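The values are calculated or read from the model by the stated rules, or taken from the named source; none is laboratory data. Computed from a predicted model, the values in this text were never measured in an experiment. No Cβ is skipped: glycine too gets one built from the backbone with ideal geometry, and neighbour counts run over all protein chains shown.
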Amino acid sequence: MEKYDSMLDNLYSKLPEKAKEKSRFKMPEFQAFIEGTSTIIPNFIDVATALRRDPKHLMKYLSKESATMSTLSGKRLVMKGKFRERLLNERLGKYAKEYVLCKECSKPDTSLIMQDGTQFMRCEACGARSPVAGIK
Ligand SMILES: [Zn+2]
């Protein structure tokens, strides 16, 4: 890992343009509308992709926070119950803070890794690694 880290550091120092581009990261937002007794998020997969997270991980988080059940349907997420778009985006913001943005440098260039049964968020920009809470 040591070797890989310094390799990455080298790589990043040679790519100032790319780093600049990444610092312009814009937090994606859910679009949401109510259909009958459900809430539909038509751009759910796009948001998960922009955050580079497994849609199922984000779905699990959002369902738990909203105390409801959700299902993926194509690119959309269908949630049981009526939820306001603003509220869902607040929860998305919390998710990003906990599972996407580096706790040290706040960059979004992170990935989730499992190590010894604990989930960590590893930052590709600064190399920081912080444990994250599991979603039950
Ligand atoms: Zn970092």
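Numerical summary
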item: Any hit, the stretch 63-77, residues being within 16 Å of the ligand (Cβ to nearest atom), surrounded by fewer than 17 Cβ atoms within 10 Å (Cβ to Cβ) and of a type in the set (Val, Ile, Thr); result: no
item: Flag if GLU29 is in contact with a Cys (Cβ under 8 Å, 6 or more places away or on another chain) and at pLDDT 95 or above; result: no
item: Among (1) surrounded by fewer than 18 Cβ atoms within 10 Å (Cβ to Cβ); (2) away from the ligand (no atom under 16 Å from the Cβ); (3) without any contact (Cβ under 8 Å) to a residue 24 or more places away in the chain - the single one GLY81 does not satisfy; result: (3)
item: Residues being surrounded by 15 or more Cβ atoms within 10 Å (Cβ to Cβ) and among the charged types (D, E, K, R) - total across the stretch 116-127; result: 2
item: Residue list for the stretch 92-115, restricted to those being surrounded by fewer than 18 Cβ atoms within 10 Å (Cβ to Cβ), touching a residue at least 12 places away in the same chain (Cβ under 8 Å) and more than 16 Å from the ligand (Cβ to nearest atom); result: GLY93, LYS94
item: Filtered residues of the stretch 116-131 (kept if more than 30 Å from ILE40 (Cβ to Cβ) and within 14 Å of the ligand (Cβ to nearest atom)); result: PHE120, ARG122, CYS123, GLU124, ALA125, CYS126, GLY127, ALA128, ARG129, SER130
